[in-house]
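Have a look at the structure below, then the notes.
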Amino acid sequence: MEIVELLNVDAVVPNMKAASKKQVLQELAARAARLTGKDERIIFDVLLERERLGTTGVGNGIAIPHGKLPGLPRLYGMFARLDTPVDFDAIDDQPVDLIFLLLAPETAGADHLKALARVSRLLRDKGLCEKLRGSDNRDALFALLTEPATSHAA
Amino acid sequence: MELANQIIFFAGALLLVSIIAGLLSSRIGAPLLLVFIGLGMLIGEDGPGGIAFNDYGGVFFVASLGLAIILFDGGLRTPMADVRLVWAPSLSLATLGVAITAAITGLVAMLTLDLGVVESLLIGSIVASTDAAAVFLLLHQRGMDLKKRVGATLEVESGANDPMAVFLTVTLAELLIAGHGDASWSVLTNFFLQMGMGAALGIGGGYALAWAINRMELASGLYPVLAIAGALFIFGGAHFVGGSGFLAVYLAGIVAGNQRLRANQLIHRFHDGLSWVSQIVMFFLLGLLVTPSSLVPDLIPAGLIALALIFIARPLAVLLCLLPFRFPREERLFIAWVGLRGAVPLYLAIIPILAGVTGSLIYFNVAFVVVLTSVVLQGWTVPWIGRRLDVQLPPVPETAGRLDLDLTPGMDRDLYGWRVEEGSTAAQRPFAQLHLPRRTRVLAILRDGALLPRETLERLLPEDQVLALCPPEQSIKLDRLFGRPRSRRERTPSTLGDFAFPAATTLAALADTYDLPVAKHMREQTVGAYLDEQLPGPITIGDRVRMGAVDLIVREMKGGNIVTVGLRLISDDDGRGPGLRVRLQEIVGDLRARLRIVPARPKPAASKTADANVVPLRKAQGD
């Protein structure tokens, strides 16, 4: 599973503005609605439901909100970089400024988990995250995210 | 006069070279012990040094002393909680395990070396015990954070099996000298006598030592000396009355280390240094003692014995001894692999030589080859194997920058000082955006030795000093905030899971979100209760249970209960280590960081500020 299979360049938001976790989720839901043609309200509820289980703020300023959406034709990824970090109840209590949203069809099963694992491994690369934080250009961010996996290892 | 000065000069030079070589070797991942042995061999008779050194008695004396110090130090830093957690498997490995290992290795020795039964068993028991010094060193200095149960089992085993191996070796050597098989009951009673005496004296001595340290009013520099004097007294005393000194001194260390000791930090640091010196000197002397050219004829059989020990005897012994304890397969494999041999076999091999057993040089040579093989093969690969078998926990940030002051007992918060490290979270974010843990109060920030007014501070810089009052259990969060991540490879391992959930989450919720196979009647069970049910024995952080395409992992514990559970997504690229180029880059980067001259910390200033803040400290206590 490669990132490029999940993410389009128009699904990269280089400077999202939000003041709270809730606003981040609303903003993500609104943009994901435009991307997928699904209802904004439903997407928001799915994401909120998942956050209630436990935060998707995985530490080091990164969050990976995700959930399953009925009737989605394929996996959708979306990347957002926040102008100012917001409190996301992350596991290390640090505010979040890099967000990768992943929406999966109800039936995606194993693919959903594989994609999630791929995103999670990708954003664990601190060098990459520094680069992502240092750029607010959509194409540059997209290129960084979709570089072949091996080059991130350095 | 001249000679004395020369000896002092060479001893100093030797320690300096050892320390520098050690610094380099730990970065390349070469086992440290190898460096010290290597130095000894270089200076020895077959190396450029050309010193013919054959004083087995002298080395035996020094090694006894060194082992006693190392075991005492190892005991001091073994928390009672660890002992409680692993005493049963460790004891099983240290007694039965040693016997099984000795028997199997002995059998191989009989086949390859054409020796008698007793002689072969003697070889087996010489190499049977894992080495405390090597294991402590490997597990601590390498900064490996093993899963609690695995690490503690290995450590306690390595400390406790030396007495057993010593006993076996001495008994067999005596049997050989007596010239005929006299394996009567007296051996068994002797065993219980030695261990019983050793244990009783060690435990009693440990309490007495702690009592003495806390009662006597001494110059503070004398407390560590008092501790080591007590340890040696216990070690020698136990031998005097026929007990096992090694067992006594190890137990005394555990007992004393778990009492609240006066000058605790001082004692710990002193013993840390002392046990380093012991290791350097011991391995150096053993390297010096060996005559590499005389090894050659024994090389092939000794090599076979070493391989049999590593690949057959140890794994089999571990398998059998851990049978009742339900360790997961990966953990058993790891424990089997970390059967490191160090100074102990070489020390034990001197016993038959001193006892005057005929043809006894063969024991020393075999032991030497076994130790060398083990240190190279196992020592070098342990970190890699640990990653492969997934028994390591994610690295905890280094706490080197932390200064910690015990305030009056009864206060529930302590005063801590940190030096902000380069690359730490704190140095990357504006100060206002740092999330401090609950009930944490930053008291003062010092930059270049001067107090910095908080209002003007926008961002902490590396080398800033932060003084904060916080509950001890929160201090580790602040370590994370101010400390540099330990690994240069800046990826957090996923060992504790990609996502975290409270233990009260139901399996149904997880199953629906992640398509996990959960039976209908289990859906209402909480994930904490599920793990509790699935995991055998005492639960520790990092324990995991596989469910479908994920691992459920114990992430946080409080008072014996699971609080948070991690969910780890298993993906195809798991376990792929970093490439050679990356490893090299890490090493170079690390070396640079190590050799960088660190500016002296303005410590006196820090403690002065601490005093000045006593009043606000008290006030802050109430909230």
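The values are calculated or read from the model by the stated rules, or taken from the named source; none is laboratory data. Bear in mind the structure is a predicted one, so any value in this text is a computation, not a measurement. Glycine also receives a Cβ, built like all others from the backbone with ideal geometry; neighbour counts cover every protein chain displayed. These accessible areas exclude ligands, DNA and RNA; they are computed on the full protein's heavy atoms, side chains included. Shrake-Rupley method; radii C 1.70, N 1.55, O 1.52, S 1.80 Å.
Could you list all residues from segment B:411-432 that are open to solvent by less than 50 Å² (accessible area, probe 1.4 Å), out of contact with any helix residue (DSSP H, G or I) (no Cβ under 6 Å at 6 or more places or on another chain) and under 26 Å from A:Asp89 (Cα atoms)?
Within segment B:411-432, B:Arg413, B:Glu421, B:Gly423, B:Ala427, B:Arg429, B:Pro430, B:Phe431 qualify.
Report, by residue number, each residue of segment B:433-451 that is in a loop (DSSP other than H, G, I, E, B) and either surrounded by fewer than 17 Cβ atoms within 10 Å (Cβ to Cβ) or in contact (Cβ under 8 Å) with a residue 60 or more places away in the chain (or both).
Residues satisfying the conditions are B:His435, B:Leu436, B:Arg438, B:Arg439, B:Asp448, B:Gly449.
Would you call A:Asp45 within 14 Å of chain B (Cβ to nearest Cβ) and not in a helix (DSSP H, G or I)?
no
Residue-by-condition table, conditions (1) among the aromatic types (Phe, Trp, Tyr); (2) in contact with a Leu (Cβ under 7 Å, 6 or more places away or on another chain); (3) under 22 Å from B:Leu91 (Cα atoms):
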site	(1), (2), (3)
B:Leu188	no, no, yes
B:Trp211	yes, no, no
B:Asn214	no, yes, no
B:Ser220	no, yes, no
B:Val225	no, no, no
B:Ala248	no, yes, yes
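I want to confirm something. Restricting to segment A:131-151 and keeping residues that are assigned to a helix (DSSP H, G or I) and open to solvent by 70 Å² or more (accessible area, probe 1.4 Å), which single residue is modelled with the lowest pLDDT?
So the residue we want is A:Thr150.
So, restricting to helices (runs of 4 or more DSSP H) that lie completely within segment B:194-304, which ones have at least 2 residues that are under 22 Å from the mean Cα position of the chain (by Cα)?
Those helices (runs of 4 or more DSSP H) span B:222-240, B:245-257, B:264-289.
With respect to A:Arg74, determine if the residue is over 30 Å from B:Ala426 (Cβ atoms) and charged (D, E, K, R).
Criteria met by A:Arg74.
Can you tell me which residue in segment A:111-126 is farthest from B:Val550 (Cα to Cα), limited to those that are within 7 Å of chain B (Cβ to nearest Cβ) and not in a helix (DSSP H, G or I)?
Ranking the qualifying residues of segment A:111-126, first place goes to A:Asp125.
If the requirement is being out of contact with any Ser or Thr (no Cβ under 7 Å at 6 or more places or on another chain) and either touching a residue at least 12 places away in the same chain (Cβ under 8 Å) or among the aliphatic types (A, V, I, L, M) (or both), which of these qualifies: A:Gly127, A:Gly109?
That would be A:Gly127, the only listed residue that is out of contact with any Ser or Thr (no Cβ under 7 Å at 6 or more places or on another chain) and either touching a residue at least 12 places away in the same chain (Cβ under 8 Å) or among the aliphatic types (A, V, I, L, M) (or both).
Do you know which of the residues in segment A:81-107 that are more than 8 Å from chain B (Cβ to nearest Cβ) and in a loop (DSSP other than H, G, I, E, B) is surrounded by the most Cβ atoms within 10 Å (Cβ to Cβ)?
By that ranking, first place goes to A:Phe88.
Of the conditions (1) more than 19 Å from A:Ala115 (Cβ to Cβ); (2) within 14 Å of another protein chain (Cβ to nearest Cβ); (3) touching a residue at least 12 places away in the same chain (Cβ under 8 Å), A:Leu75 fails just one. Which one is it?
(1)
Condition test on B:Thr513, is it of a type in the set (Ser, Thr, Tyr), open to solvent by 30 Å² or more (accessible area, probe 1.4 Å) and either out of contact with any Asp or Glu (no Cβ under 8 Å at 6 or more places or on another chain) or facing chain A (nearest Cβ under 8 Å) (or both)?
In short, no.
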